[in-house]
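Accompanying notes for the structure given below.
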Amino acid sequence: MRDSLWGRLWFLSWIVLLLALVGGVWLLPISGGVMVILGEAPDAPHWPVVNLSPASPKPGQTVDLWVTDVQAFPYVKLVVDGASHEPVAWPSASDDTLIWKWQFVVPEDGARRAVLYHDCHTGCVEWKRVDLQADYAPPPVDTVPTKLGVVFADPGRDWHGRSGWVVDLTYARLSNAAYWGVGDLAVRVHQANAKGLRVLVRVDYDQGQSLPPTGDGEALAEYLAYLKRLARDDRLGGVYGYILGSSYNSLDSNTLSQDGPVTPEWYARVFNGYGEGVSRTDNAVQVMRAENASVRVLVGSVRPWNIDSNGARQYAIDVPWLNYMNTLVALLDAGAQAKAKAGIPLAAPDGFAVHASGRPDAPELAGQAASQEPRIDLPRAEWSGAQAGFRIYRDWLDIVNAYPTTRGLPVYITTVNTYIRDEGVFPSQNYPRGWLTAALGVIDEEPQVHALCWFIDDFPYDTQWDRFSLTQRTGSLADAAEEFDALLR
């Protein structure tokens with residue numbers, strides 16, 4: 001009995017001592033905490049493990065790079081200075097650890113960082129960053145903003161320290177093709193970002209077919225899968241915004257369709273699910289934002305002065321292209337509001353791309369200087385007073401600002417030049433010196449318009465664009481090219 005009592009007292013004394021020690025620790029002026037690590041030992045490797053030979057390569061040197069991991073990632077790539085490299089040796093799937101090998105040459109004047117990616121068949125996911133030089137940090141890009149930009153930027157263009165705009169293009173049905181596919185697009189985005197430029201990427205369904213044909217569910221699924229891939233791809237993190245289609249109200253942008261141009265109802269259904277149950281997520285905005293919450297999704301431009309399609313919701317000026325735009329924006333607004341009422345936010349556009357070409361030889365100028373056409377209203381009587389030239393951008397703004405969920409959204413003029421499509425007159429024939437200066441002066445006074453992008457800068461793969469190209473400087477475009485450069489200085 002006494003032994004039992006003493007045993008209990010001995011046990012209680014240890015408990016009291018332990019509590020005193022714990023209490024004393026809490027009273028000590030010591031910051032920090034205790035961490036309990038389960039699983040691997042502290043010196044276990046953090047996968048993936050990367051080894052270089054040479055360990056600190058210099059520009060121009062050939063480098064062997066090995067990556068060791070315990071997970072068999074598919075579709076891996078190595079990107080150095082924007083250029084993609086495939087492995088030269090693949091691992092054996094039976095090993096406990098897997099080793100890939102790459103070989104590349106360090107660029108003479110490019111970045112000193114390599115980035116590994118996996119799952120590139122559905123949108124590259126960053127795997128590991130590797131500094132090729134110790135303590136490497138990318139040089140800061142110090143630029144001054146401008147609204148001026150181009151479509152298909154000449155990679156050799158000197159932007160004179162200006163943060164301009166670049167519009168690029170990719171096709172869902174050419175996702176792995178040269179130039180038009182994801183890989184080459186990622187290189188161009190990298191090059192533009194390295195210069196401090198802001199990149200807008202237009203996403204079309206196929207060449208000759210801007211959006212999936214109206215009512216084609218299979219084509220829509222293919223298009224949405226590509227949008228999802230773009231939003232997921234970490235190589236495209238520098239894209240400022242995605243533009244969905246262009247000129248889809250015209251026949252020549254619907255060559256795969258049996259039923260004519262895309263309707264406003266179908267565009268709105270593709271964009272934010274208009275007309276479908278609010279719980280459905282098979283639309284561009286929701287698919288892209290599910291992958292990348294910060295992505296900007298822009299409405300593609302309606303072609304002005306085109307009569308191939310009309311809209312049911314008549315605009316104040318009754319012409320097909322303005323009725324189409326008015327109907328489209330009304331439906332996008334309705335789709336966004338329906339989602340919002342169901343507790344689903346962020347279904348409205350982030351902005352609008354628009355066309356605003358000039359008409360410097362319009363008879364309505366009545367002897368006024370052609371170079372000042374961007375500052376002059378050109379209401380055309382046979383078009384019920386609709387604008388015939390550059391100032392059509394004001395009609396686009398009026399329509400965008402007429403609806404609650406789109407009012408005040410940014411507008412980007414992604415196609416501007418002096419091409420007169422209905423008369424077959426090209427900028428190389430009619431560009432008047434001073435016109436672009438006047439257009440930029442007008443847009444600089446419009447806070448809602450964020451960009452003014454000349455179509456085009458350079459596209460050396462097809463000579464038909466020489467009559468538009470600033471780089472080729474054909475005919476009157478020599479004046480436009482000199483003016484563009486001067487506006488950047």
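The values are calculated or read from the model by the stated rules, or taken from the named source; none is laboratory data. Just so we're clear, the structure is a prediction, and the values are computed from it rather than from any experiment. Backbone-built Cβ (ideal geometry, glycine too); neighbour counts: all protein chains shown. Areas reflect the complete protein model, heavy atoms only, side chains present, ligands, DNA and RNA absent. Shrake-Rupley method; radii C 1.70, N 1.55, O 1.52, S 1.80 Å.
Per the listing Thr405, Thr414, the residue uniquely in contact with a Cys (Cβ under 6 Å, 6 or more places away or on another chain) and either aliphatic (A, V, I, L, M) or closer than 28 Å to Tyr242 by Cβ (or both) is Thr414.
Which one is farthest from the chain's Cα centre (by Cα), of the residues in the range 447-484 that are over 21 Å from Asp168 (Cβ atoms) and open to solvent by 40 Å² or more (accessible area, probe 1.4 Å)? Filtering the range 447-484 for residues that are over 21 Å from Asp168 (Cβ atoms) and open to solvent by 40 Å² or more (accessible area, probe 1.4 Å), the one farthest from the chain's Cα centre (by Cα) comes out as Gly475. For the range 410-428, a residue qualifies if it is open to solvent by less than 10 Å² (accessible area, probe 1.4 Å) and among the aliphatic types (A, V, I, L, M), and the qualifying residues are Val411, Ile413, Val416, Ile420.
I'm checking my understanding of the structure. Among residues of the range 85-108 that are crowded, with 19+ Cβ neighbours inside 10 Å and within 30 Å of the chain's Cα centre (by Cα), which one is farthest from Gln61 (Cα to Cα)? Step by step, filter the range 85-108, then rank; the result is Trp102. Taking the listed residues Gln472, Gln464, the one that is assigned to a loop (DSSP other than H, G, I, E, B) and free of Cβ contacts under 8 Å to residues at least 24 places away in the same chain is Gln472, with no other qualifying. What about Asp204, is it among the charged types (D, E, K, R) and either over 26 Å from Asp154 (Cβ atoms) or under 11 Å from the mean Cα position of the chain (by Cα) (or both)? Against the criterion (among the charged types (D, E, K, R) and either over 26 Å from Asp154 (Cβ atoms) or under 11 Å from the mean Cα position of the chain (by Cα) (or both)), Asp204 does not qualify. Considering (1) modelled with pLDDT of 95 or more; (2) open to solvent by less than 60 Å² (accessible area, probe 1.4 Å), the lone condition that Gly260 does not fulfil carries the number (1).
Here Leu477 does not qualify as within 12 Å of Leu148 (Cβ to Cβ) and touching a residue at least 12 places away in the same chain (Cβ under 8 Å).
Rundown of residues vs (1) basic (Lys, Arg); (2) touching a Ser or Thr at 6+ places or on another chain (Cβ under 6 Å); (3) farther than 25 Å from Gly300 by Cα; (4) open to solvent by 20 Å² or more (accessible area, probe 1.4 Å), yes/no style:
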position	(1), (2), (3), (4)
Glu364	no, no, yes, yes
Gly367	no, no, yes, yes
Asp377	no, no, no, yes
Gly385	no, no, no, yes
Gly389	no, no, no, no
Tyr393	no, no, no, no
Ile399	no, no, no, no
Thr405	no, no, no, yes
Gly408	no, no, no, yes
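Against the test of being closer than 22 Å to Asn310 by Cβ, hydroxyl-bearing (Ser, Thr, Tyr) and out of contact with any strand residue (DSSP E or B) (no Cβ under 9 Å at 6 or more places or on another chain), the options Ser250, Ser246, Ser210, Ser257 yield a single qualifying residue, Ser250. Restricting attention to the range 439-461, the residues that are part of a strand (DSSP E or B) and free of Cβ contacts under 8 Å to residues at least 24 places away in the same chain add up to 0. Any residue at all in the range 193-201 that's touching a residue at least 12 places away in the same chain (Cβ under 8 Å), over 30 Å from His160 (Cα atoms), crowded, with 23+ Cβ neighbours inside 10 Å and not small (Gly, Ala, Ser)? No, that holds for no residue.
Take Ser357 and tell me if it is open to solvent by less than 50 Å² (accessible area, probe 1.4 Å), in contact with a strand residue (DSSP E or B) (Cβ under 7 Å, 6 or more places away or on another chain), farther than 16 Å from Gly275 by Cβ and hydroxyl-bearing (Ser, Thr, Tyr). Against the criterion (open to solvent by less than 50 Å² (accessible area, probe 1.4 Å), in contact with a strand residue (DSSP E or B) (Cβ under 7 Å, 6 or more places away or on another chain), farther than 16 Å from Gly275 by Cβ and hydroxyl-bearing (Ser, Thr, Tyr)), Ser357 qualifies. In the set Arg232, Arg280, only one residue is surrounded by fewer than 23 Cβ atoms within 10 Å (Cβ to Cβ), basic (Lys, Arg) and more than 15 Å from the chain's Cα centre (by Cα); that residue is Arg280. Among the conditions (1) in contact with a strand residue (DSSP E or B) (Cβ under 8 Å, 6 or more places away or on another chain); (2) more than 25 Å from Val166 (Cβ to Cβ), the only one that Gly300 does not satisfy is (2).
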